[in-house]
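I have placed the structure first, in the form of structure tokens, so that the comments after it can refer back to it.
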Amino acid sequence: MLAHDARRSGRTFPRRTVAAVIVLMLLVAGCGGLANSPVAVDPIAPTDRLFGAFTYGGVWHGMEPVLTLEGLLGRRLDVVHWFTNWDNAYEAWMVEVVAEDGRLPLISWQPHRQSVRSIADGEHDDYIRSWAEGVAAATGLVYIRPFPEMNGDWVAWNGDPDNLRAAWRRIAAIFDDAHASNVRWVFGPNVTDEPRTDANRLERYYPGHDVVDVLALSGYNWGTTRDYIGWRTFEQIFDGAYQRLTALGDQNVWLAEIASSEEGGDKAAWITAMLDSTAFDRIAAVIWFNEAKEADWRLESSEDSLEAFRAWFADGAGE
């Protein structure tokens, strides 16, 4: 694999040791002089992958949804994921309350009412700067996923890859100007391009290796809740997009959104197979979408589903 800038490596941390996460955060914050030291990204063993989740209710009103999920699992989450719109100010307390026990914050940043063209043209620089200054003041690392699932026609920022790339780079430049060296940029398309045209391929949205720390994917097992999709294995869902994504750069890969329906198959077996899979050796984090939405994606949708996670962690694979 190629050597590259350590600050831009997308390197993640073994989930076995929360203390190691904290120590590495301190090293990153205090060793800016090492930022240009080249490192290689090693394959990540399944037992070293981070595990995180988006929880229904997020962290907008406190940590109770996260703590409840952690209680069900019998372990602390490594990554806490939430979504926010561009109409919302940077909320420092959310980042700090997530990070205070060693968890990593992952924020999906969604411009529902702001076009990528207007962002690229500088119409929202003050707003971006307020976020950059907030992140710069944060205690540890802050992972931000701008324009999530940009290759999907269900999001407002789909369909204009040239301006999206320009907008992304403008955002990153403003964060650099604010000395927000603790930000980590997460490029997170969907596993399928919709529409499935050459102009909408996920590769066209990639803004450049220098402004992407982590490569990520969203993918769901819809089962029979979508007759035209059907029940699919973990590898069937992610293989094609993973191969395309990892061809873009040598950063580690996060599954920023993943979940399975109960309908059409054995969800517990699907979860166990997903957690045990060694098919994709650059996956460094698995982040579950824990909400009953289009389907009941929750890990606690059934006792068997929950037990699949708990058994895997109890076996020591997730410690």
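Since every read-out is calculated from the coordinates, none of them should be taken as a lab result. These figures come from a predicted structure and were not determined experimentally. Note: ideal-geometry Cβ built from the backbone for every residue, glycine included; neighbour counts use all protein chains shown.
Points to keep in mind about this one:
- Members of the stretch 153-166 that are in a helix (DSSP H, G or I) and either touching a Pro at 6+ places or on another chain (Cβ under 6 Å) or surrounded by fewer than 17 Cβ atoms within 10 Å (Cβ to Cβ) (or both): Asp162, Arg165
- Residue selected from the stretch 264-319 under the condition charged (D, E, K, R), part of a loop (DSSP other than H, G, I, E, B) and touching a residue at least 60 places away in the same chain (Cβ under 8 Å), by the criterion surrounded by the most Cβ atoms within 10 Å (Cβ to Cβ): Arg298
- Tally of residues being among the charged types (D, E, K, R) and assigned to a loop (DSSP other than H, G, I, E, B) across the stretch 143-152: 1
- Within the stretch 221-247, the set of residues being surrounded by fewer than 17 Cβ atoms within 10 Å (Cβ to Cβ) and either in a strand (DSSP E or B) or among the basic types (Lys, Arg) (or both) comprises Arg226, Gly230, Arg244.
- Check on Ala178, touching a helix residue (DSSP H, G or I) at 6+ places or on another chain (Cβ under 6 Å), closer than 27 Å to Ala241 by Cα and of a type in the set (A, V, I, L, M): no
- Test result for Trp288, of a type in the set (Phe, Trp, Tyr) and under 14 Å from Gly223 (Cβ atoms): no
Here's the yes/no breakdown for (1) crowded, with 23+ Cβ neighbours inside 10 Å; (2) in contact with a Pro (Cβ under 8 Å, 6 or more places away or on another chain); (3) of a type in the set (Ser, Thr, Tyr):
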| site | (1), (2), (3) |
| --- | --- |
| Arg129 | no, no, no |
| Ala136 | no, no, no |
| Thr139 | no, no, yes |
| Asn151 | yes, yes, no |
| Trp168 | yes, yes, no |
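- Looking only at the stretch 200-220, and only at residues there that are part of a strand (DSSP E or B) and touching a helix residue (DSSP H, G or I) at 6+ places or on another chain (Cβ under 6 Å), the one that is nearest to Pro148 (Cα to Cα): Leu217
- The numbered conditions (1) more than 30 Å from Arg204 (Cβ to Cβ); (2) in contact (Cβ under 8 Å) with a residue 24 or more places away in the chain; (3) aliphatic (A, V, I, L, M) are all true for Ala132 except (1).
- The set of residues in the stretch 42-76 being within 15 Å of Val95 (Cβ to Cβ), surrounded by 15 or more Cβ atoms within 10 Å (Cβ to Cβ) and either in contact with a helix residue (DSSP H, G or I) (Cβ under 9 Å, 6 or more places away or on another chain) or aliphatic (A, V, I, L, M) (or both) consists of Gly58, Val59, Met63, Val66.
- When the stretch 93-124 is filtered for residues that are out of contact with any Ser or Thr (no Cβ under 9 Å at 6 or more places or on another chain), surrounded by 14 or more Cβ atoms within 10 Å (Cβ to Cβ) and assigned to a helix (DSSP H, G or I), the ones remaining, listed by number, are Val97, Val98, Val116, Arg117, Ser118, Ile119, Ala120.
- Scope the stretch 59-79; condition among the hydrophobic types (A, V, I, L, M, F, W, C), in contact with a strand residue (DSSP E or B) (Cβ under 6 Å, 6 or more places away or on another chain) and outside any helix (DSSP H, G or I); matching residues: Val59, Leu77, Val79
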